[in-house]
Structures are given as C-alpha cells and as structure tokens.
Amino acid sequence: MILKELKIFSQNFRKNNFLINIVLKVNQNFDIIFIQEPSWTTLRTIPSSMNSEGISLLGVPNHPNWLTFAREPCSTNDSPRVIIYINVRLFSFCFSLQKDIINHCDILLALFFNNSIVYWIINIYSDSSHSALKYLKDTEVNILNLLIMTGDFNIRDSI
C-alpha cells in the first residue's frame with residue numbers, strides 16, 4: 001500500500017450511534033475513520049459473582065468490515081471521547097494502540113507497520129478546557145513518522 005493513497009475520514013458525531021452505523025456501512029472506500037464523541041451504550045449485561053444483577057458491558061457500534069480501536073471506558077459517566085476504525089483490508093499492517101506513550105482518555109495513539117517502517121496516527125478530542133491539548137503540550141514525546149494527527153480540537157475564534 002502506498003501511503004499517499006490512504007483514505008481517512010474524521011468526524012465528531014456528538015454521541016449519535018445511528019450516524020456512526022451509517023458511516024461504517026457506506027464508507028467502505030475509506031481506510032481509517034477517526035470518530036470523536038461516540039456514544040457508549042450498554043451492549044448487554046454480563047453475569048457477575050459480585051452483583052446478582054450483573055455488570056453492564058459498555059461499547060460502541062461495530063461492523064464486520066472494521067476493526068475498532070478504543071480505550072476501555074472507566075464508567076458510564078466517563079467514557080473515552082475518541083475511537084478509531086480501521087478497515088479490515090489493512091489488517092496485515094498490524095495496527096496497535098500505544099497507551100504507554102500517550103496516556104490520556106481523549107487521545108488515541110496508534111501505530112502500524114508499512115515496509116518495515118513504523119507510522120503513527122493520532123485521534124484527539126479536546127474539551128472546552130483543552131485538557132487533551134494541554135496534555136500534549138506538557139508531555140515530551142518525540143514521535144517520528146507521524147502520519148496524521150486530527151480530531152475535534154474545540155478551538156473557536158472569538159469573532
């Protein structure tokens with residue numbers, strides 16, 4: 001695969017699972033989809049020895065043509081606001097999340113291999129207090145071969 005031909009889609013969905021499902025179904029020509037503000041919902045209740053009613057399994061929309069990369073939600077009130085979908089056509093590039101390098105709930109750093117070279121992609125959601133951007137500013141990380149860093153930066157013009 002030539003990196004110039006990589007097709008990437010990025011969108012803030014404002015917690016609308018219906019739109020996410022449509023994008024996953026109709027955008028098969030894209031290679032990577034960055035989503036900000038997905039809706040985390042209860043997929044099912046899992047039996048638990050600690051709770052007789054079970055434990056809620058939270059998740060985001062899935063589709064058989066897409067690999068889903070996301071951080072695990074801490075709770076129903078504090079779910080990650082970024083996910084990455086990778087088209088299954090790119091399975092051989094061995095995508096991997098890298099929480100050990102950048103550890104922020106609103107930043108997803110992933111790597112993949114192409115011709116023995118490591119490339120990086122980053123999806124960011126920065127809230128109104130710009131916590132993700134401040135984290136990046138205060139974190140000294142030198143990432144070579146950063147292919148794309150995109151997302152919803154919430155930087156508004158005062159005019």
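Observations
- Taking the fewest neighbouring Cβ atoms within 10 Å as the starting point, the ordered list for S56, S129, S116 is S116, S129, S56.
- Within the chain, helix-based [θ] at 222 nm, where runs of 4 or more DSSP H residues each add -39,500 (n - 2.57), nearest 500: -3000 deg cm²/dmol
- Local electrostatic count at I84 - Lys and Arg +1, Asp and Glu -1, tallied over other residues with Cβ under 12 Å: 0
- By the Kirkwood approach, averaging reciprocal distances over each pair of separate Cα atoms, region 81-159 gets a hydrodynamic radius of 13.6 Å.
- With 10 Å bins from 0: P(r) over the chain, alpha-carbon pairs, percent: 9, 37, 34, 16, 3, 0
- When the chain is treated as a GNM with alpha-carbon contacts under 10 Å, the residue of L111, L97, L136 showing the greatest mean-square fluctuation is L136.
- For region 51-124, the equivalent ellipsoid built from the Cα gyration tensor has semi-axes of 26, 16, 10 Å, listed from largest to smallest.
- Computed FRET value (nearest 0.05) for S10 with S116, which takes r as the C-beta separation and R₀ as 30 Å: 0.65
Here, each number is a calculation from the coordinates, and none is a lab measurement. Just so you know, these numbers come straight off a predicted model, no measurement behind them. All Cβ positions, glycine included, derive from the backbone under ideal geometry; neighbour counts span all protein chains shown.
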